[in-house]
Amino acid sequence: MNEDILTRVQSNPKFKELVHKRTRLGWQLSILMLAIYYGFILVLAFAPNVLGASLSGGTTTVGIPVGIFIIISAFVLTGIYVRKANTEFDQLNQQIVEDAKQ
Amino acid sequence: MKSWMKTLCATALTGLPALALAAGAFEGDVTKQATNWHAIIMFFLFVAFTMGITYWASRRTRSASDFYTAGGGITGFQNGLAIAGDYMSAASFLGISAMVFDKGYDGLIYSIGFLVGWPVILFLVAERLRNLGKFTFADVASYRLQQTPVRTFAATGTLVVVALYLIAQMVGAGKLIQLLFGMSYSSAVILVGVLMVMYVTFGGMLATTWVQIIKAIILLGGASFMAFMVLATVGFSPEMMFQKAVAIHAKGAEIMAPGKADPIDSISLGLALMFGTAGLPHILMRFFTVSDAKEARKSVFYATGFIGYFYILTFIIGFGAIMLLLEQPSMMETVVKNGKEVTQLIGGSNMAAIHLANAVGGDLFLGFISAVAFATILAVVAGLALSGASAVSHDLYASVIKKGKANEADEIRVSKITTVVLGVVAILLGLLFEKQNIAFMVGLAFSIAASANFPVLFLSMFWKGLTTRGAVVGGFIGLISAVALIVMGPAVWVDVLKNETALFPYKNPAIFSITLAFVFTWLISVLDKSKSAVEEKAKFEAQFVRSMTGIGAAGASKH
């Protein structure tokens, strides 16, 4: 990458917008995933009885839907990011690349 | 340290993640079983088919980019399946279903740990990695740093991780095949080594990826069928399945709840699983096989879906095994362990999924699932070998020795020679470690990936202040501390070296070794006032722009 392109991209307000949006979403979702997982680990470590309690009186415990929820949440969060990145962010990125060529 | 942590340690944990066949039954002596012809025939069908693919791939593999990254022409969906295939190893399949069979809920906890690293890889690492790298993760780590020291470090990290994994896989393969096929240990190890070398040297990344994709599809298909048949026996009511399992299992209602765990060890395990995944060289290299950042993102999305689905299946399979196998006297055997008579599943708990295949689908399906388990190992070792070969040819030979002036044909030749050498070494180590307790090896590999490769890779992309000195010193401190703490911990000091008490109390050193690596990488970088450090920091802006926009990134090659 030559200096010209570099300065052109860096001074492009769209680039700042892209960096801001993408970085923010990335960290937000990461923190959410970490909070869900380490929240789960902390409950396991300090209050395992919560997960071992019966769900609505049957044999199935609270831990089963919680576990399934975490698995599904991982999938859903990646879906949210990919949707946003592959449409909105990529469009913005495309414009930045075009602008840089001129 | 009790309950589920203990199981992890005793079985898969120390052979932590996905890819090892670390679990209990494969550690000790296993009895050779009667020759299983269904399994052998189906396995050879798989080999014949994948050899056909390798031949096809070999005709399309010309350039270095073809060899290392399949020309960058793999789609996001295909790559998602291949990544999932790397993760859905024989250890995940047999080991996690065995854990559910033994402990119930704790098996689910364990599999969740494997899964949650993936979203974080996507959000923070995947697209930057794709935009900056070409063939190996060292391309990214050394992007603005000095090539020789950083690539030497990255290649060391890669080769150590690959070697530990390969040993675990080879020993696991030998024992598994003795159990499943009734072949001898040494012939199984040699067979795996030879096939691995053939896939990689002739077919490169294209063949390695397709072998992994095919395996992933048949494994997902087989596991889906088993889970379906299990649920069918209880009228598709999970509550009914849990009731029956609790009524039969010796631990009763305990299998529905988590066991007690040491908080430090649990958190440390979580860190090793999450960040180890983001530091495994054979996983990272898959991000270079797709055409751009968009496809890289899609790969992780599909991979997360497939892996999550697979773990739900193994949970059902584990409970199905409790329901359908525990009350079958024909499935049980009595063995003497530590001087006590124990009644267990024939071949141990790791065989739960295999016996269940027989129970729900008869001999033919048993053969199918056995063949799938073996195919799984083959696909995983091929990926490992390719990753190790790239580290030697691309990082050490082309960049360090030839200073980036190697010609492509020579580089590919070095890669192929390395693959053959790795195959021979893997076979020898497999034979050498037959009687050793190798349960700690994959755990060690994961800890090293999390403590050495990941911090350097992460900081190189996210922190302007990283310098060569900081990366190399911090990375090696992470590597050495992970090794030292595991050796001094219960997994090696007590279980392998037979000392009374461990010098270091935790099974999982990741929380300490990762912290050490980050702190030292930061400290040495901050203290580094050299001229090159100033230049390296100045190059960050250009790197950042490329990592964000993909301008200048390696694209897909056209055939």
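The values are calculated or read from the model by the stated rules, or taken from the named source; none is laboratory data. Just so it is clear, the model here is predicted, and its values are computed rather than measured. Cβ: placed from backbone, ideal geometry, glycine included. Neighbour counts: every protein chain shown. Quick note on the areas: whole protein, heavy atoms, side chains included, nothing else; ligands and nucleic acids left out. Shrake-Rupley method; radii C 1.70, N 1.55, O 1.52, S 1.80 Å.
For the reader, a short list of remarks on this structure follows.
- Projected over all directions and averaged, the alpha-carbon convex hull of the stretch B:305-370 occupies 5.3 nm².
- When the residues B:102, B:139 are ordered by accessible surface, computed with a 1.4 Å probe over the protein chains alone, the sequence from largest down reads B:102, B:139.
- Over chain A, volume per residue of the alpha carbon convex hull, in Å³: 113 Å³
- Gap separating the Cα centres of the stretch B:229-290 and the stretch B:423-465, nearest whole Å: 23 Å
- Within the straight-line cut-off of under 20 Å between alpha carbons, the aspartates and glutamates reachable from residue B:251 are B:102, B:106, B:239, B:327, B:333, B:341, sequence neighbours fewer than 8 places apart in one chain being disregarded.
- Solvent-accessible area of residue B:469, all protein chains in place: 120 Å² (probe radius 1.4 Å, heavy atoms, ligands and nucleic acids excluded).
- Signed unit charges on C-beta, dipole axis of chain B, positive-most listed residue B:141, B:334, B:387: B:141
- Note on chain B: dipole from Cβ charges, positive end direction compared against B:474, B:217, B:111; the farthest Cα belongs to B:474.
- Computed log10 I(q)/I(0) for the stretch B:326-471 at 0.10, 0.14 Å⁻¹: -0.64, -0.97, from the Debye equation with unit scatterers placed on every C-alpha and solvent omitted.
- Backbone amide hydrogens, once placed in the peptide plane, bring residue B:146 within less than 5 Å of B:468, excluding anything fewer than 5 places away on its chain.
- Apportionment of accessible area to carbon and sulfur, the stretch B:383-458, percent (1.4 Å): 68 percent
- When +1 charges are put on Lys and Arg Cβ atoms and -1 charges on Asp and Glu Cβ atoms, the dipole computed for the protein assembly as shown relative to its Cα centre reaches about 1360 debye.
- Solvent exposure of the stretch A:44-100, expressed per residue, is 46 Å² of accessible area, with all protein chains present and a 1.4 angstrom probe.
- Computed from label points 7 Å out along Cα-Cβ, the spacing between residue B:539 and residue A:53 is 5.7 nm.
- Summing both sides, the accessible surface hidden between B and A at a 1.4 Å probe radius is close to 4400 Å².
- Using θ = phi - 60° and Karplus 6.51 cos²θ - 1.76 cosθ + 1.60, couplings along the stretch B:468-485 (whole Hz; Gly, Pro as x): 4, 4, x, 5, 6, 5, x, x, 5, 5, x, 4, 5, 5, 4, 5, 4, 5
- Listing of the stretch B:79-120 residues, each with accessible area lower by at least 50 Å² in the full protein assembly than in the chain alone (probe 1.4 Å): B:105, B:112, B:116
- Part-to-part distance (alpha-carbon centres) for the stretch A:11-49 and the stretch B:117-171, which is given in Å: 23 Å
- MRE, 222 nm, helices only [DSSP H, n ≥ 4, -39500 (n - 2.57), over chain B, to nearest 500]: -22000 deg cm²/dmol
- Taking a sphere under 13 Å around the Cβ of residue A:60 and counting the other residues whose Cβ falls inside, with K and R at +1 and D and E at -1, yields a net charge of 0.
- Only protein atoms count toward the accessible area here, which uses a 1.4 Å probe; on the stretch A:16-101, the carbon and sulfur part of that area reaches 68 percent.
- For chain B, with +1 on Lys and Arg beta carbons and -1 on Asp and Glu, the positive-most of B:352, B:545, B:486 along the dipole: B:545
- In this Cβ point-charge picture (+1 for Lys and Arg, -1 for Asp and Glu), chain A has a dipole of about 160 debye about its Cα centre.
- Nonpolar atom fraction for the stretch B:126-188, defined as the carbon and sulfur part of the 1.4 Å probe accessible area, stands at 63 percent.
- Across q = 0.12 Å⁻¹, the protein assembly as shown modelled as identical point scatterers on its alpha-carbon atoms has Debye log10 I(q)/I(0) values of -1.28, in the order of the q list.
- In this simple spin-label model, placing a label point 7 Å from the Cα along the Cα-to-Cβ direction at both residue A:84 and residue B:497 gives a separation of 4.8 nm.
- The alpha carbon radius of gyration of chain B, expressed as a multiple of 2.2 N^0.38 Å, is 0.93.
- For the stretch B:377-395 and the stretch B:319-354, distance of Cα centres in Å: 36 Å
- For the stretch B:480-559, accessible area per residue (1.4 Å probe, heavy atoms of protein chains only), Å²: 51 Å²
- Anchor residue B:134: lysines whose Cα lies under 24 Å away (excluding residues fewer than 8 positions away in-chain): A:101, B:294, B:298, B:402, B:403, B:405, B:416, B:464, B:537, B:539, B:558
- Here residue B:215 is the anchor, and the aspartates and glutamates within straight C-alpha reach of less than 15 Å, apart from those fewer than 8 places off in the same chain, are B:86.
- Stretch in chain B that is longest and holds no GluC sites (Glu not before Pro) that DSSP places in a loop and that have at most 12 other beta carbons within 10 Å: B:1-326
- Within the stretch B:351-406, the trypsin sites (Lys or Arg not before Pro) that combine a DSSP coil assignment with at most 12 other C-beta atoms in a 10 angstrom radius are B:403, B:405.
- Taking 20 °C and 1.002 mPa s as conditions, the stretch A:52-102 diffuses translationally at an estimated 152 µm²/s according to Stokes-Einstein applied to its Kirkwood radius (Cα pairs).
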